[in-house]
1. Which residues, taken from the stretch 783-805, are part of a helix (DSSP H, G or I), touching a residue at least 40 places away in the same chain (Cβ under 8 Å) and out of contact with any strand residue (DSSP E or B) (no Cβ under 7 Å at 6 or more places or on another chain)?
2. Do we have any residue at all in the stretch 369-384 that's of a type in the set (Asp, Glu), modelled with pLDDT of 95 or more, closer than 25 Å to residue 227 by Cβ and away from ligand 1 (no atom under 16 Å from the Cβ)?
3. Consider residue 311 carefully, then state whether it is closer than 18 Å to residue 211 by Cβ and more than 16 Å from ligand 1 (Cβ to nearest atom).
4. Taking the stretch 255-278 only, how many residues are part of a loop (DSSP other than H, G, I, E, B) and either more than 16 Å from ligand 1 (Cβ to nearest atom) or over 17 Å from residue 108 (Cβ atoms) (or both)?
5. With the structure loaded, tell me whether residue 184 is open to solvent by less than 10 Å² (accessible area, probe 1.4 Å), touching a residue at least 24 places away in the same chain (Cβ under 8 Å) and in a loop (DSSP other than H, G, I, E, B) or whether it fails that test.
6. Among (1) assigned to a loop (DSSP other than H, G, I, E, B); (2) within 16 Å of ligand 2 (Cβ to nearest atom); (3) within 16 Å of residue 534 (Cβ to Cβ), where does residue 201 come up short?
7. Which ones in the stretch 51-80 are modelled with pLDDT under 95 and of a type in the set (Gly, Ala, Ser)?
8. Looking at the stretch 559-585, which of its residues are within 29 Å of residue 473 (Cα to Cα) and not basic (Lys, Arg)?
Amino acid sequence: MPKQLLIDPTEARHPGMLNGPTIPLNAYIADPIAEAALYGSANLVRMYRDMHYIREFETMLDRLKKEGAYEGVAYNHRGPAHLSIGQEAAAVGQAYHLSTDDFIFGSHRSHGEILAKSLSAINKLSEAELLLIMQTYMGGQILRVVERFSKGNVTDLAIDYVLYGALAEMFGRTTGLNRGMGGSMHAFFPPFGVMPNNAIVGGSADIATGAALFKRINRKPGIVIANIGDASLGCGPVWEALMFATMDQYRTLWDSEIGGAPPILFNFMNNFYGMGGQPKGETMGLGVLARVGLGINQDAMHAERIDGYNPLAVADAVARKRRILEEGRGPVLLDTITYRFSGHSPSDASSYRDKDEVERWRAHDSLITFREYLLNNRHADPAQLDALQDAIRQRIIAVLRAALSTEESPYLSINSEEIGDLMFSNQPADSLADGRPEVLLPLEQTRLGQTQAKHRFGLEDGKPLPKLRTLTYAEALFEATIHRFYKDPTMVAYGEENRDWGGAFGAYRGLTEALPYHRLFNSPISEGAIVGTAVGYAMCGGRVLAELMYCDFMGRAGDEIFNQMAKWQAMSAGVLKMPLVLRVSVGSKYGAQHSQDWTALVAHIPGLQVMFPATPYDAKGMLSLALRGSDPVIFFESQRLYSETETVVAGGVPVDYYEVPLGEPAIRREGSDVTIITIGATLYVALAAAQELEQYGISAEVIDARFINPLNYETIIGSVRKTGRVILSSEACERGSFLHTMASNISQLAFDALDGPVTVVGARNWITPPVELEEAFFPQKEWIIDSIHERLLPIAGYVPRTRQATSEIQRRNKRGI
Ligand SMILES: Cc1ncc(C[n+]2csc(CCOP(=O)(O)OP(=O)(O)O)c2C)c(N)n1
Ligand SMILES: [Mg+2]
């Protein structure tokens, strides 16, 4: 049924003027009497204390980097330190009203936000809750160190825990919050709602949006804040996140019971600088960052500029905006004015800015002005605040000493596989949450009833059965998908044209009728945000099936695939899982920008599983495997195959659920003279070549690799040892293709068994030409036979039809083509 969104031409063509809401700038009006009543002295002093914790913590790092010592404790800190000295009030004001249900995501400069949010959480949690968190997180490993030096009550212990855990993390110690795998720019601590920080600037925008989506869809409490630098507003994925977060469908099409738009607050920590470039007046034309809201939706994203040098202005804004988000009326944009006194990093001499400017801001330093505020309004006396500062210094010295000790705070062992062990979580699960999946139809009434009734094998007596009545590769994908949708209530799928259109290439036909909007929806054409939000959704504990149509579009989601999806499990030292399957399709017929096989690109990135089924049996069994897993998978498909039926795997595609074993290639034809290994649709070319080779008395074994990572070489090596010859082929451009990685491994693993060079036949190193010329580009049956003849096993009396001699390798490389 088409959705009910009518586009009325009369309305669309109607003249008029567009007026936007006005955007308040620094509208907070300080009222000390009201503030005293609202917060009370203790909380106001605590805000000051937290600002000081951040200032002292960052100062300590600054001194270590610049002077090699802090308060007599020497250390050469080799890692990064992007400090936020000057930005404390913005972080503390923001954290004040947040609970542990509220998540913050941040950037390379987020130490302050981590500490502020943690200190706020410590203030809100009971002693029992704090102890439980510390005793269970990382098996109590961090707590055991902290207990040795911490003095005082449980709150003191928790404060030491956070300071120590963050610092040990920055120093790369196994007792850090993320076992040293995250470091300064990625440290986080989910029990307090401190979610990943990102060294890819702007990287948190779409991930945080995905976390907010997770909260909404799974009815979880709390809001999500993405802390982003002002200069990072120049990043495409940030804009894509804004698009994703403001989609109308949350309110027009999704069931109102879901609660409206994802509760995401984009908070720009506007310190007026990138590293050295200045968004205002130089690298951007916004003037006032908050202006962006006007362009994004009719609510102007409820945007405001707020004074990040007054923690109370920030706290007030977060409290007001939180209500909007909870009512599903978000997203919200805040332009939080602040300033960093520290350089971009300690090695930065700030040559790009005027000393006078820094001095002017120093006069506004929130630590000075807020101290004055506390004194003037009799919330504290000077001696009390001095003592507080001194106590903070002493605490940080103790934390520093513990974090430096390699005995108390060791590194992961260099001579072990401990980092390797973190790359994948390998914890398959039928469902990631209890509860019944929300669906619109009983499973039997879905399209599954029709697909299951089809022929499951495409041949009868060697002749093809009608395709319309036989299960295709696309339908096999559908069966795997709907199965998991009906098992796992957290599972969602989205991408461009995923719903009424039936998904790219029809693989989702039948899902629209079966699933409510919030489980299957169309996204904006924002490939970065499709993957980035999926990363955020998955790291919060939900299963996502994201889809990018053409493999070539991965270029638009490069960071999200290469740096986010791939790396967060290991950077979190296993705290986060990434049950995210990204479907991409290798094209043909559509020319240069829609037809490339980029398996090698993703195979090169540590942390990704990469799969490429070539038969309907594998399409269902491998997608089933991927969709039950806990690891990120790039799932390649081929447009040549969507309408193909099963003609290779005897018995066809089972009706019941099954999985293909992870990493295991499949022998698709047995032979004894040469092994042909393929990835993707080239399987069928290889099978045809093998059949023709039979005429010449050559028996070829054909293996479909199916998996790219992980990949068990046992079957492959077993075959090579039997035949002594191996040729590899796929549709990927030959230079740098994954075939070469396999070739190199086979050479090393079976050198003694080889009777000839491991031979690679890839697509040409050209742009993909128009469909009429594709035969000149993609490997053909003749290329495989000719290569065998020229390089491996001369065929008596055979006249090659194409140029495949080794001299060709030299000629093509010399020309770079
Ligand atoms: C995608 C990306 N591009 C460039 C960088 C290098 N870089 C690190 S910080 C930074 C400036 C960021 O400025 P802003 O977003 O305003 O944050 P701030 O440093 O001011 O907190 C740049 C360009 C990066 N880390 N990631
Ligand atoms: Mg900045």
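1. Correct list: 785 only.
2. No, every residue in the stretch 369-384 fails to be of a type in the set (Asp, Glu), modelled with pLDDT of 95 or more, closer than 25 Å to residue 227 by Cβ and away from ligand 1 (no atom under 16 Å from the Cβ).
3. no
4. Residues in the stretch 255-278 being part of a loop (DSSP other than H, G, I, E, B) and either more than 16 Å from ligand 1 (Cβ to nearest atom) or over 17 Å from residue 108 (Cβ atoms) (or both): 7 in total.
5. The answer is yes for residue 184.
6. That leaves (3) as the condition not met.
7. Listed by number, the list holds a single entry, 79.
8. The answer is 560, 561, 562, 565, 566, 578, 579, 580, 581, 582, 584, 585.
The values are calculated or read from the model by the stated rules, or taken from the named source; none is laboratory data. Worth saying up front: this structure is predicted, and the values here are computed from it rather than measured. All Cβ positions, even for glycine, are placed from backbone atoms using ideal geometry, and neighbour counts span all protein chains on display. These area figures cover heavy atoms from the full protein model, side chains too; ligands, DNA and RNA do not enter into them. Shrake-Rupley method; radii C 1.70, N 1.55, O 1.52, S 1.80 Å.
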